[in-house]
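Accompanying notes for the structure given below.
The values are calculated or read from the model by the stated rules, or taken from the named source; none is laboratory data. Since the model is a prediction, treat every value here as computed from it, not as a measurement. Note that we place each Cβ from the backbone using ideal geometry, even for glycine, and neighbour counts take in every protein chain shown.
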Amino acid sequence: MTEQEGWVPVDPGAPAPGIPGAPVTPGAPITPGAPVAAVAKRLADGEWHRMHPASPLLKGGIALIAILGVVVANLRERLIQIFVPEWNEGGDPLDYVIDSGLTGWALLVVLGVVVVLIIGFYVSWRMHSFRITDELVEVRSGILFRTSRKARLDRIQGINIVRPFIARLFGTARLEINQAGADANVQLAYLGSSASDELRREILRLASGTQAAASPQAVPAGEGFIESRVHELLAPELDPDAAPPQSVVKLNAGRLAGSIALSETTIILLLMIIGVIVGVIVSGELLGFIGVIPVMLGLGGYIVSKFTRSLRYSIAATPDGVRVGFGLLSTSNETLPPGRIHSVQLSQPLLWRPAGWWQIRVNRASQSTAKGAAGEANTTILPVGDRGDVLRVLQLLLPDVLRDEQAAALLASGFAGRGEPGDGFENSPRRAAVLRWFSWRRNGFALTDAAFVLRKGAVWRQLVVVPAPRLQSLAVEQGPLRRALRLVTLQLHTVAGPITARLGAVDADVAVRFFGDAAALMIAAAQRDHSHRWGAGDADAQDAASGHPEPGSSEQAP
C-alpha cells in the first residue's frame, strides 16, 4: 500500500492542524508490502493523521465542479457580457473570444480558476485530520470555521464502512463511527480502502479492552494502482477468511425479488398502471394521466434501487462483532459489537406467509447516515429470509439469549400461527377478544433469565425480543374499557427506534406478577452485563474463538 493509497501522515515537526505549537510525532512510512494491521495500529497511535488526498474532491469537489460547469454552460453569454459590455449578444461567445484574440486571456482565467480550486482543496485537506487514542476518536476540520467531533470508545454502537462507486475508483472508503446520542456519529471521510477494515478492527479492539491481534494481513507488494482498483472491484463483498462459513447468512436473489414483488409498493404501482391503462381505454385520452407518470417512474426507480442495493447481502459473525454487508457498485458493511442490540423484531406480512418469509429489524442506540440493505433504514438487518435464515441471524444478534434453552424454545414456538396452552407464553384470556378479534390467542408474553419475548398479530405477525440487560423500564397502562375487562397494556421501554415493545389486552393479575418478576430480572441482568468493555478479562477466549490465540493474560479495561 503506497502513501497515495493510504493515509498521509502529518509532516514531521509540523504543528497539528488547529492546535498551534502542538507537537506531532510522525509514524513509520507506509511501504508496499507492509502489513495492513501494522498500518492500522500506527494510525491508532494517538497522534494526528490526515485523510486521503482525494478527500476534498470526494466530499463535494466533484459536485462543485459539475455545478460550475452547468452554470458556465447555461450562462456563458451573460457572464461574458458582464466583463465585456461591448460584446454583441447573439453570437457564440467562443467565436467572439477567438475572433477578438482573447484566447490567451481566456485560458489564463480558466487556469486561475483551476489553481484556486486546487489551493482550496489542498488547504481543506491540510486542515482535516484525525487521531485515535485509547479513549476516543477525534476529528478536526474546517478552514474559516473550525469544528471538532469526538466519539468515546465506550459509547461506540457500530462502525460502518461505506464505499461509494466513485470513491472505490480512487481506492478510498468512508468510515463512520456510530455512537449513542442524537447526531453523535463521527466520520473519517475519506480513508484508504485497503486498510479501513483493519482500522475498524483496531478501534473495536481498543473499545473492547482486549489485547492486540497477533497476525497482521499483508498487502501484496508490487501491485499498481490500476491492478489494486480492479482487484477491489471484482473482490467478493465478504472476505472468505473474515468469518467461519457456517456463520454466514446470504440473501437469495430470487427470494429478494419475490419479497419486493409482494410488497405494498409494488402492489400500489401495479394498481396505478392498471388504472392508467383502463382510464386511457375508456376515455381514449392519455393527456389526463400525464401527471401520474412521474409518480409511477419514481415508484419503479425505488423498487429497482431496493433490489440492486441488496445484492451481495451477507451477515456473518466475525471476531469483532456481527458484520452486515451489501451492495453491488456502491458497497456498505457495518460491524456491530456485542451488546449493542436493544430489541429485535421479527415480522411477517400477510403476503409472505405462504412462502414462510420473515423480516428482522432492530433498535439501536445510534443511527447511521448510510442506508441499510434494500434501501431501508440501517435498522433492517435481514430484509427477507426463511425460518432457517432467521434463526441463524438471531443466533448472531442475540447469542446470550439463544444459549438459554427456555428462550430458544420460546422463539421457536413464536413462529406458530396460533397460541396454544402450555406453549410457554402468558396468552391473553378469552375476554380479550373484544379488543383483539383475531389475535387474542396469539397475543402473549414470556420472560426468561435472558430476555423478554412478546408475540402478537394474527394477520401481520410479529415477535419482539428484548434482551434483559437492555430493558430500561416497564410500564403498565389501563384505561376505562380495559379496567372493565380486567385487562392492561404492557410496554417495555428501550432506546428509540422502529420497534415498539408494546402488548395490549393482557390479563391484569398476570401483568402484576410480570411487573414484579421483570423488576428483579432487570436488576440481575444489569449486574451481569459487561458489554461496554465486552473483551476485557476474556481476551484469551476471544483469541481462541477467532483462531488467533495470543499468549499471556488479557488486559483489563482502562
statement: Selection over the stretch 430-442 where residues are surrounded by fewer than 18 Cβ atoms within 10 Å (Cβ to Cβ) and either at pLDDT below 90 or assigned to a loop (DSSP other than H, G, I, E, B) (or both) yields a count of 3
statement: Subset of the stretch 395-434, residues among the aromatic types (Phe, Trp, Tyr) and within 15 Å of Gln345 (Cα to Cα), comes to Phe415
message: Considering only the stretch 354-373, I want to know if a residue exists there that is in a helix (DSSP H, G or I) and at pLDDT below 85.
response: yes
- prompt: How many of the residues making up the stretch 232-254 are free of Cβ contacts under 8 Å to residues at least 12 places away in the same chain and either surrounded by 17 or more Cβ atoms within 10 Å (Cβ to Cβ) or under 17 Å from Pro383 (Cα atoms) (or both)?
  reply: 2
- prompt: If we keep just the residues of the stretch 259-303 that are surrounded by fewer than 12 Cβ atoms within 10 Å (Cβ to Cβ) and β-branched (Val, Ile, Thr), which is modelled with the highest pLDDT?
  reply: Ile274
task: With the condition kept exactly as written, say whether any residue in the stretch 400-414 is surrounded by 18 or more Cβ atoms within 10 Å (Cβ to Cβ), modelled with pLDDT of 90 or more and not in a helix (DSSP H, G or I).
output: no
Output for the stretch 443-463, where each listed residue is in a strand (DSSP E or B) and either more than 20 Å from Val510 (Cα to Cα) or not assigned by TED's automatic domain parsing to the domain that holds Ser428 (or both): Arg461, Gln462
Options Val466, Val495, Val453: the member that is closer than 30 Å to Glu135 by Cα, under 28 Å from the mean Cα position of the chain (by Cα) and crowded, with 19+ Cβ neighbours inside 10 Å: Val466
query: Looking at Leu485, Leu481, Leu474, which is the one that is under 23 Å from Ala407 (Cβ atoms), modelled with pLDDT of 85 or more and not hydroxyl-bearing (Ser, Thr, Tyr)?
result: Leu474
message: Tell me yes or no: at least one residue of the stretch 499-508 is out of contact with any Ser or Thr (no Cβ under 8 Å at 6 or more places or on another chain) and either surrounded by fewer than 22 Cβ atoms within 10 Å (Cβ to Cβ) or part of a helix (DSSP H, G or I) (or both).
response: yes
query: Which residues, counting only those in the stretch 28-67, are at pLDDT below 85 and basic (Lys, Arg)?
result: Lys41, Arg42, Lys59
- line: Counting only residues that are over 14 Å from Leu188 (Cα atoms), of a type outside the set (D, E, K, R) and surrounded by 16 or more Cβ atoms within 10 Å (Cβ to Cβ), the stretch 142-156 contains a total of 2
query: Does Ala355 qualify as being aliphatic (A, V, I, L, M), touching a Ser or Thr at 6+ places or on another chain (Cβ under 7 Å) and at negative phi?
result: no
field: Residue that is nearest to Arg430 (Cα to Cα), among those in the stretch 470-481 that are outside any loop (DSSP other than H, G, I, E, B) and in contact with a Ser or Thr (Cβ under 7 Å, 6 or more places away or on another chain)
entry: Glu477
field: Selection within the stretch 229-269 - small (Gly, Ala, Ser), over 30 Å from Phe170 (Cβ atoms) and not in a helix (DSSP H, G or I)
entry: Ser263
- request: Report whether or not Val466 is modelled with pLDDT of 90 or more and either assigned to a strand (DSSP E or B) or aliphatic (A, V, I, L, M) (or both).
  value: yes
